[in-house]
Amino acid sequence: MQETLANQELYRNIAISISMLLFVIFAVSRIIYPKLFASLYSFEKFVLFKYREDFGSGIRLFSTESFYFTAVLSLNLSFVLLSIYLFTNQFEGSIPWLKIGSFGVGILVWFLLSIAIQFIFFFKFVFLRVFGWMFDIPIQQSRHFQEFQSFNHSFSLLIYLLFSVSVYIRFNFPTIIFKLAVILVSIYLFFRLINLFFKIRSSGAYSNLYIFSYLCSTELMPTLLGLYLII
């Protein structure tokens, strides 16, 4: 019992420290890139179903700013995944070698997990490039990835706030937060797919069936496969 309480306290200290670090990173990002930050973390995009030319849409995919904010997104998502692993019984013991016994190891795992997520985003872009070539839509694939990431930035900020408030106010991570997060993620993934469909459709260059086939290949199938592997 005492060991369990000690582990819970350690996990909570790790989660709170990471949450505070992320808050500082968000604050610094807001100061360094005020216009880009406001564009990437704007929730206005969720009510728009056409491409909009703004400051964020013009960012080059392999620019310093793009790499930086992708790294911030990866660190944020790593915090969420690590919190789920540490504070929910559903995943307890599912990864035996991932035993966090000290504060330093917890921070290291958070950092390494964020690097893995960074690589996943890179492979996502390569994946879109391949299917963009197969479907002969070279222009839309870049905008697709930009919109995909822009949605992720905004939604990850919402999830960050949800998880941070949870670890601040409770000693144990409440199960209801995990269930709420699952519901929000499911709604988000479905909405993002619909929104991307209408935004690509707004270009007027492709038929509905063509766009649907493209999104099934690049969004729906990878998402379902990822959920299957996780669950």
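Descriptive notes on the structure:
- Of all residue pairs spaced 6 or more apart or on separate chains, those with beta-carbon atoms under 8 Å, a first member in segment 25-39 that is at negative phi and surrounded by 13 or more Cβ atoms within 10 Å (Cβ to Cβ) and a second member that is assigned to a helix (DSSP H, G or I) and of a type in the set (D, E) are Y33/E65; L36/E65.
- Matching residues in segment 186-211 - criterion: being at pLDDT 80 or above, in contact with a Phe, Trp or Tyr (Cβ under 9 Å, 6 or more places away or on another chain) and aromatic (F, W, Y): Y188, F191, F197, F198
- Residue match in segment 172-181 (condition: surrounded by fewer than 13 Cβ atoms within 10 Å (Cβ to Cβ), in a helix (DSSP H, G or I) and at pLDDT 80 or above): no
- Evaluating M134 against the criteria (1) of a type in the set (A, V, I, L, M); (2) surrounded by fewer than 19 Cβ atoms within 10 Å (Cβ to Cβ); (3) closer than 21 Å to R12 by Cα; (4) at pLDDT below 80 leaves one unmet condition, (3).
The values are calculated or read from the model by the stated rules, or taken from the named source; none is laboratory data. None of the values given here were measured: they were computed from a predicted structure. As a convention, Cβ positions derive from the backbone with ideal geometry for all residues, glycine included, and neighbour counts pool all protein chains shown.
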